Amino acid sequence: MNSERMRIAIYSRVSTEKQSHDSQLVELRAYCDRRGWPAAAEYLDQISGAKFTRQGLDKLLADVRRSRLDVIVCFKLDRLGRSLAHLAQIVAELAAHNVALICTSQGIDTSDHN
């Protein structure tokens with residue numbers, strides 16, 4: 001897909017109000033810039049990763065289901081979920097909707113846009 005038409009989402013999660021999204025967002029925005037990707041939608045959560053229901057993640061997945069996204073960029077897998085079962089569920093849903101997942105700090109990239 002043409003990178004100008006790709007719909008990119010950044011997902012960031014911190015666990016407590018004492019933590020900041022800043023370091024994740026700097027890295028994720030810079031990654032998108034390096035790839036030449038357009039400005040990304042950002043979905044942010046401030047809640048434990050053990051929680052299955054999170055406002056930002058719920059909105060992100062709703063947009064996935066509505067075919068509004070092509071790629072999700074996050075810092076690492078544990079930002080999405082803390083349990084293997086929850087991560088597997090999220091990854092399966094992304095795959096079912098042809099949405100790539102990139103975890104910048106772990107070298108994970110399920111896109112074909114390398």
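The values are calculated or read from the model by the stated rules, or taken from the named source; none is laboratory data. Values in this document were obtained by computation on a predicted structure and should not be read as measured data. FYI the Cβ positions are ideal-geometry reconstructions off the backbone, even for glycines, and counts take in every protein chain you see. Note: accessible area is taken over every heavy atom of the protein model, side chains too, but ligands, DNA and RNA are not part of it. Shrake-Rupley method; radii C 1.70, N 1.55, O 1.52, S 1.80 Å.
At least 2 residues being open to solvent by less than 20 Å² (accessible area, probe 1.4 Å) and farther than 13 Å from Arg7 by Cα is the threshold, and among the strands (runs of 3 or more DSSP E) wholly inside segment 19-112 those reaching it are 100-103. Being open to solvent by less than 30 Å² (accessible area, probe 1.4 Å) and either over 15 Å from Leu80 (Cβ atoms) or among the small types (Gly, Ala, Ser) (or both) is the filter here; which residues of segment 7-18 pass it? Once the filter is applied, which keeps residues that are open to solvent by less than 30 Å² (accessible area, probe 1.4 Å) and either over 15 Å from Leu80 (Cβ atoms) or among the small types (Gly, Ala, Ser) (or both), segment 7-18 yields Ile8, Ala9, Ser12.
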